[in-house]
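Note sheet for the following structure.
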Amino acid sequence: MNGLSLYGRYIAASIRGQMAYPAGLAIQTVASFMITVVEFIGVWALFHRFGQIAGWRLGEVALFYGLASVIFAIADAVTRGFDVFGSVFVKTGGFDRLLLRPRSPALQLAGYELRLTRIGRFSQGAIVFAIGAAMTHFVFTPFAAGVLLFAIAGGVALFAGLFILQATLAFWTVESLEAVNILTYGGEAAAEYPLNVYARWFRDFLIWGVPIGCVTYLPMLAAMGRADPLGAPSWLTPLAPLAGFAFLGASLFIWGFGVRRYASAGG
Amino acid sequence: MTLDAALRPYLSVFSGRFQLMLQYRAAAVAGFITQCWFGVIRILIFAAFYAGGAAHAPMSLANAVTYTWLGQAFLAFLPWNPDPDVADMVRSGAVAYERLRPVDTYAWWYARALGWSLARVAPRAVLMVAFASVLLPLIGLGKWGLPPPPSLDAGGLFALSAVGMVLLSAAITLMLNTVVVATMTDKGAGPLAAALVNTLSGMVLPLAFFPDWLRPWLRAQPIAGLVDIPFSIYFGGLAGWSAAGAIALQFGWVVILALVGRVWLGRSMRRLQVQGG
């Protein structure tokens with residue numbers, strides 16, 4: 001069986017497992033939807049009062065917000081195994097079991113769980129994006145749709161890379177891994193607004209440090225057919241999500257290094 | 001029985017829980033770092049909105065910054081979840097033992113919840129104040145820091161309102177505990193409560209920023225006392241009699257929630273069914 005069909009089996013098993021408790025699943029999905037909806041009410045209230053931020057109107061910000069939310073919902077749904085790696089696999093010694101199997105541990109962790117509750121957040125992002133598209137008369141040209149799909153793929157790759165780095169840290173310490181949340185949850189929060197609203201140092205970090213801006217801000221500009229107010233060349237903006245794939249590649253390389261130096265805690 | 005003896009079990013469960021939770025130092029540091037980051041994002045967004053024109057802003061940027069840092073410092077008071085120990089007890093059936101104790105279950109759990117929240121907030125708040133009130137001014141970013149209250153009155157009223165905030169937080173946690181006991185699961189109460197608490201408290205956005213026609217309703221509801229009332233008092237947005245009225249409202253809600261919660265918990269505990277052995 002090749003890797004992809006094995007992954008398919010893992011995911012099918014995970015979905016069946018979650019479907020065994022339909023009421024719990026429904027409540028958590030609705031909750032995930034509600035939490036993100038009320039957060040957007042806060043954004044709406046700010047625009048109700050101020051009208052605009054750095055030249056952007058509510059409809060335009062909704063597009064950036066929706067894209068970031070959709071990307072993060074997918075990434076968060078597919079990387080559960082890496083997210084809980086420290087507590088579920090390293091602390092307990094359960095990772096030894098994964099290493100014994102003749103398949104890559106990264107594939108097994110990717111197949112650990114597909115979190116269906118994240119459909120809640122995904123729908124919120126998609127709805128916010130649709131509202132933004134209606135408000136700004138956004139046109140889904142084939143080019144715009146292609147850039148958005150590419151941005152979503154690159155964005156999921158980037159956030160998956162961050163969750164893999166978080167898991168890699170667990171080879172050294174299982175304490176305080178939640179501090180990585182500032183890059184995952186915190187990175188998504190920062191990407192909800194177009195980057196030019198932020199101060200220079202913060203913007204630079206989101207482009208050159210952890211390239212979240214390359215998978216949300218720059219491709220969204222390309223899809224809208226807008227020039228970057230910060231001056232990124234227009235041939236570059238649709239290609240920027242490549243940075244997400246590069247980040248995932250680098251993360252997997254560091255992960256491999258961590259796996260090689262792993263020593264079981266016994267048990 | 002003297003008052004002292006009557007209170008002893010509650011005091012000891014409070015201090016036990018407080019000291020236990022204080023041991024989680026790494027979690028406190030991680031929480032502090034996360035809260036610094038989210039504070040920075042919020043402040044940068046506020047700054048960008050204000051830069052485009054502050055004519056319709058309900059408070060100065062400096063006050064919005066103060067509000068943001070206070071929110072990050074006291075974030076762990078927000079009752080997002082039922083008490084995890086109670087949720088475990090319900091799952092394992094050990095909650096039945098709580099009925100055997102010769103104490104008032106509501107007061108007993110209330111004391112536990114107080115110890116839990118205070119111990120989680122104390123280290124984070126100390127670190128956050130050190131960062132926003134001491135470090136930021138020292139490196140020349142005082143404009144973006146957390147200043148002390150503008151007057152002694154504001155400080156005193158804030159202290160009083162902060163007590164109300166702590167008591168209210170525990171009263172809402174107890175409501176969530178009761179939902180867990182009544183429904184026998186912790187899957188539903190927590191996540192939905194978090195959505196409500198975040199918005200209605202003013203944590204997502206200070207309540208003053210919402211449309212003017214909504215503001216009186218937002219201020220009057222119980223959850224405003226968790227964030228909006230104490231923080232507005234801190235920077236002087238609520239002062240004098242309106243501050244006193246807001247504090248009275250806060251404590252009034254504590255009493256109402258505690259009375260309703262105690263009756264409801266009592267009923268739920270009497271109907272408790274524990275299965276298996």
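The values are calculated or read from the model by the stated rules, or taken from the named source; none is laboratory data. For clarity, every value in this text was computed on a predicted model and none was experimentally measured. Note: ideal-geometry Cβ built from the backbone for every residue, glycine included; neighbour counts use all protein chains shown.
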Check your understanding: Scanning for something under 26 Å from A:Gly146 (Cα atoms) and either at the interface with chain B (Cβ under 10 Å from one of its Cβ atoms) or of a type in the set (Gly, Ala, Ser) (or both), does the stretch A:74-81 turn up at least one residue?
Key -> yes
Study note, to complete from the structure: Residue count, the stretch B:233-277, condition small (Gly, Ala, Ser) and within 19 Å of B:Trp109 (Cα to Cα), comes to 4
Practice item. Out of the residues in the stretch B:13-53 that are buried (at least 17 other Cβ atoms within 10 Å of the Cβ), more than 8 Å from every other protein chain (Cβ to nearest Cβ) and more than 30 Å from A:Arg49 (Cβ to Cβ), state the one that is modelled with the lowest pLDDT. Key: B:Met21
Exercise for review: Filter the stretch B:235-258 down to residues that are within 16 Å of the chain's Cα centre (by Cα) and among the aromatic types (Phe, Trp, Tyr) and give me whichever is farthest from the other protein chains (Cβ to nearest Cβ).
Suggested key: B:Phe251
Point to revise | helices (runs of 4 or more DSSP H) lying entirely in the stretch B:143-234 (those with 2 or more residues that are away from every other protein chain (no Cβ under 14 Å) and of a type outside the set (A, V, I, L, M)) | key: B:152-183, B:215-220, B:228-234
Exercise for review: Report the residue count in the stretch B:178-215 for those that are touching a residue at least 60 places away in the same chain (Cβ under 8 Å) and more than 20 Å from the chain's Cα centre (by Cα).
Suggested key: 5
Study note, to complete from the structure: Pairs returned, first residue in the stretch B:19-40 that is in contact (Cβ under 8 Å) with a residue 60 or more places away in the chain, second residue that is of a type in the set (Lys, Arg), beta-carbon separation under 7 angstrom, 6 or more apart or interchain, are B:Met21/B:Arg120; B:Ala28/B:Arg124; B:Gly31/B:Arg124; B:Phe32/B:Arg124; B:Gln35/B:Arg124
Review point. Among the helices (runs of 4 or more DSSP H) contained in the stretch A:180-234, which hold 1 or more residues that are more than 20 Å from the chain's Cα centre (by Cα), over 18 Å from A:Ala73 (Cβ atoms) and of a type in the set (Lys, Arg)?
Key: A:200-204
Exercise for review: Output the qualifying pairs, or none if there are none: Cβ atoms under 6 angstrom, residues six or more apart or on different chains, first residue in the stretch A:173-202 and more than 7 Å from chain B (Cβ to nearest Cβ), second residue polar (S, T, N, Q).
Suggested key: A:Leu177/A:Gln166; A:Val180/A:Gln166; A:Ala191/A:Thr216
Check your understanding: Looking at the stretch A:24-31, is at least one residue on the phi > 0 side of the Ramachandran plot and of a type outside the set (Lys, Arg)?
Key -> no
Check your understanding: Across the stretch A:1-46, which residue is surrounded by the fewest Cβ atoms within 10 Å (Cβ to Cβ) among those that are over 30 Å from B:Ala47 (Cα atoms) and aromatic (Phe, Trp, Tyr)?
Key -> A:Tyr21
Practice item. Within the stretch A:32-55, identify whether any single residue is closer than 30 Å to A:Tyr198 by Cα, touching a strand residue (DSSP E or B) at 6+ places or on another chain (Cβ under 9 Å) and in a helix (DSSP H, G or I), and answer yes or no. Key: yes
